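The values are calculated or read from the model by the stated rules, or taken from the named source; none is laboratory data. Only a predicted model underlies this, so the values are computations on that prediction, with no experimental measurement involved. Counting neighbours? That spans all protein chains shown, and the Cβs are built from the backbone with ideal geometry, glycine included. Please note that ligands, DNA and RNA were not included when accessible areas were found on the heavy atoms of the full protein model with its side chains. Shrake-Rupley method; radii C 1.70, N 1.55, O 1.52, S 1.80 Å.
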Amino acid sequence: MTTTEFLFDFGSPNSYLAWKLLPGIEKRTGVQFTYVPVLLGGIFKATGNASPVFAFANIKGKLDYEKLEMRRFIQKHGLTAFQMNPHFPVNTLLLMRGAIFAQNKGTLPAYIAAAMHHMWEAPKKLDDPEVFVTAFEESGLDGRALLEGTQDSDVKATLIANTENAVRRGVFGAPSFFVGDALFFGKDRLRDVEEEIMARQAGKA
């Protein structure tokens, strides 16, 4: 079976939008994505990249067009729960370490659902430790244990390793996807991701 991976950071609104569509791809293809938490800030630093908000700020019309494309994507797929976080950009170090901790505990799906909700559906300033705790408690998780878990040395090391490995493989932003060793970047490449999966299943790739 070809491995399929979803590399994400909760601070990326496009990671949220892509995440909402992954179950459909899994259902249609029979694959199951491996979720790989990475620190987008670390990827940006290592690659010289930047958030579109900053990268396109001085390009006339570019940022407005990016926003238009996002609205079109949201409308096309009916992702009406999405709200832009008023605290954007949020430092996601706690959130991404929490994802590693939850992954180690076998509770990553519930953690991701809660984090995505509180970042992009009921937006909060999740880089504030007390807001972090309260938000996850509201979602039925042990927020205090999650916060404590973010300080675990193995958790910290794993997030660093995930991020460095992603850069070595050619990743420069989020969301990114791997189908085997084939890299795809951005929510707008989900159709290509699905087609690559199906081609490999058919022995055509």
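Results, tabulated for the structure shown:
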read-out	value
Hits in the range 80-122 - residues which are in contact with a helix residue (DSSP H, G or I) (Cβ under 8 Å, 6 or more places away or on another chain), part of a helix (DSSP H, G or I), open to solvent by 50 Å² or more (accessible area, probe 1.4 Å) and farther than 12 Å from LEU146 by Cα	LEU93, ALA110
Number of positions in the range 1-53 that are farther than 21 Å from LEU159 by Cα and open to solvent by 40 Å² or more (accessible area, probe 1.4 Å)	11
Residue tally, condition in a helix (DSSP H, G or I) and open to solvent by 40 Å² or more (accessible area, probe 1.4 Å), over the range 123-168	19
Count - residues of the range 169-201 that are open to solvent by 60 Å² or more (accessible area, probe 1.4 Å) and over 30 Å from LYS67 (Cα atoms)	4
Test: THR134 is among the hydroxyl-bearing types (Ser, Thr, Tyr), in contact with a helix residue (DSSP H, G or I) (Cβ under 7 Å, 6 or more places away or on another chain) and more than 30 Å from GLY78 (Cβ to Cβ)	no
Among residues of the range 54-79, those that are of a type in the set (Val, Ile, Thr), at pLDDT 95 or above and exposed (fewer than 13 other Cβ atoms within 10 Å of the Cβ), counted	0
